[in-house]
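Report on the following structure.
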Amino acid sequence: MFYWAAIIIILCAMLVLYRAIKGPIICDRVLAINAIGTKAVILIALSGYIFERPHFLDIALTYALINFIATIAFQKYREMGRLD
Amino acid sequence: MSFILTSIVMFVFWMLISGETGVIFIISAIVASLFVSFISHDLLFPNKNTTLSLKRLLRLLKYSPWLVWQIVLANLDLIYRTLHPSLPIEPHMIEIETDLKSDTGITILANSITLTPGTVTVQARKDGSFLVHAIAHGPANGLLKGTMQAKIKAIEGDEA
Amino acid sequence: MDHSSIAIIIVGILLFLGCFLIFVASVGIVRFPDFYSRLHPAGKTDSMGQAMILVSLMIYEGFTLATIKLIIIVLFIFIVNPTATHALANAAHAGGVVPWRKGEKKR
């Protein structure tokens, strides 16, 4: 059951990857990468249950944090032209 | 006061994440939570009045069931619009004015606007005015009526 | 029908709904005509789908320490996803991206 859910999520990530490749402006690409990253969080949590290793949840939490920080860093750079 | 509260929150968070109860783990938890709250205790409770922050947190818990119901409605609306063959959307920008003063109220309203049907916050300004992108005319009317603004004004309260 | 098989059925239904919502969000991101309207599926449907999958994992797990971690991830997603959407919208608005009107060509 979790196996099939993981496969569906990977297919959805490929669908979003189309937007990341084609996206006319840079914001489109960052939006698509953010969506893929949030799907990866779910994928890590699911794979923890598929391989019966619940410690994967810590990695999922950390990945969610890193994904958010990447988007915020892009926004700051775009708005101010520097990262401090 | 905010220092003690922050270190308690950090300690509880550490224990929930690690789940170990050996002596060495508890000592390192205490040291780490005291260090983190020494650096950044003014970020979790930004204003001096910590009881006000806790009161707002309780009122936020009372508000959240209504928000969850709005999120469900938003998803049904968006499923209809996405899977309809002719894509029934008419995007436009709207400006709304509110009388929210505090950062907490503005943040909660901006996130709630994004999660409720048909609208996404584009700009949230310090003086409480918002620039909102609406996907169609129908669902955005709920925002113009101002029920959500009244609820969030009740969370913010009259103090400070 | 005993207690655990009902739980498994609920897990399956929530998992299916979550996958469906994530699929709808992906189709929306590909299909909508411009950047601002693509924010709608990325902000709402995606976070709801993820929350549903994580809630189904919670029901599968029962009540242990992993459930609390899952609750933390769900709360985090519902705070972070709208904020990231808002940050991107703000960056695009500051960069002068004009919203699409009905009747124009898709971008």
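Would you confirm whether or not region B:148-159 contains a residue that is closer than 26 Å to C:Arg31 by Cβ and either among the hydroxyl-bearing types (Ser, Thr, Tyr) or not in a helix (DSSP H, G or I) (or both)?
No, region B:148-159 contains no residue that is closer than 26 Å to C:Arg31 by Cβ and either among the hydroxyl-bearing types (Ser, Thr, Tyr) or not in a helix (DSSP H, G or I) (or both).
Quick test for you: out of B:Ser18, B:Ser28, pick the one residue that is of a type in the set (Ser, Thr, Tyr), over 30 Å from C:Thr45 (Cα atoms) and touching a Phe, Trp or Tyr at 6+ places or on another chain (Cβ under 7 Å).
Answer to the check: B:Ser18.
For region C:4-107, which fully contained helices (runs of 4 or more DSSP H) count at least 1 residues that are in contact (Cβ under 8 Å) with a residue 60 or more places away in the chain? Before the answer, list the steps.
Working: elements: C:35-40, C:46-61, C:65-94.
In region C:4-107, the matching helices (runs of 4 or more DSSP H) lie at C:35-40.
Suppose we filter region B:97-131 for residues that are open to solvent by 10 Å² or more (accessible area, probe 1.4 Å) and more than 11 Å from chain C (Cβ to nearest Cβ); how many remain?
Within region B:97-131, residues that are open to solvent by 10 Å² or more (accessible area, probe 1.4 Å) and more than 11 Å from chain C (Cβ to nearest Cβ) number 10.
Within region B:102-160, count every residue that is β-branched (Val, Ile, Thr) and touching a residue at least 40 places away in the same chain (Cβ under 8 Å).
Counting residues in region B:102-160 that are β-branched (Val, Ile, Thr) and touching a residue at least 40 places away in the same chain (Cβ under 8 Å) gives 6.
Taking A:Phe51 as meeting all but one of (1) under 14 Å from the mean Cα position of the chain (by Cα); (2) of a type in the set (A, V, I, L, M, F, W, C); (3) more than 8 Å from chain C (Cβ to nearest Cβ); (4) under 25 Å from C:Val55 (Cβ atoms), write down the number of the exception.
The number of the failed condition is (1).
So, of the residues in region C:1-33 that are within 9 Å of chain A (Cβ to nearest Cβ) and in contact with a Lys or Arg (Cβ under 6 Å, 6 or more places away or on another chain), which turns out to be surrounded by the fewest Cβ atoms within 10 Å (Cβ to Cβ)?
Ranking the qualifying residues of region C:1-33, first place goes to C:Val30.
Go over the candidates A:Arg29, A:Arg19, A:Arg78 one by one and state the one that is among the basic types (Lys, Arg), open to solvent by less than 60 Å² (accessible area, probe 1.4 Å) and either over 30 Å from C:Ser5 (Cβ atoms) or within 14 Å of the chain's Cα centre (by Cα) (or both). Step through it out loud before you land on a result.
On the way: A:Arg29 fails: open to solvent by less than 60 Å² (accessible area, probe 1.4 Å); A:Arg78 fails: open to solvent by less than 60 Å² (accessible area, probe 1.4 Å).
Within the list A:Arg29, A:Arg19, A:Arg78, the selection yields A:Arg19.
Could you check B:Asp77 against (1) free of Cβ contacts under 8 Å to residues at least 40 places away in the same chain; (2) of a type in the set (D, E, K, R); (3) open to solvent by less than 60 Å² (accessible area, probe 1.4 Å) and say which number it fails?
If we test B:Asp77 against (1) free of Cβ contacts under 8 Å to residues at least 40 places away in the same chain; (2) of a type in the set (D, E, K, R); (3) open to solvent by less than 60 Å² (accessible area, probe 1.4 Å), just (1) comes out false.
The values are calculated or read from the model by the stated rules, or taken from the named source; none is laboratory data. Note that the structure is a prediction, hence the values are computed from the model and not measured. Every residue, glycine as well, gets a Cβ built from its backbone with ideal geometry; the counts of neighbours run over all protein chains shown. The accessibility values were calculated without ligands, DNA or RNA, using every heavy atom of the protein model including side chains. Shrake-Rupley method; radii C 1.70, N 1.55, O 1.52, S 1.80 Å.
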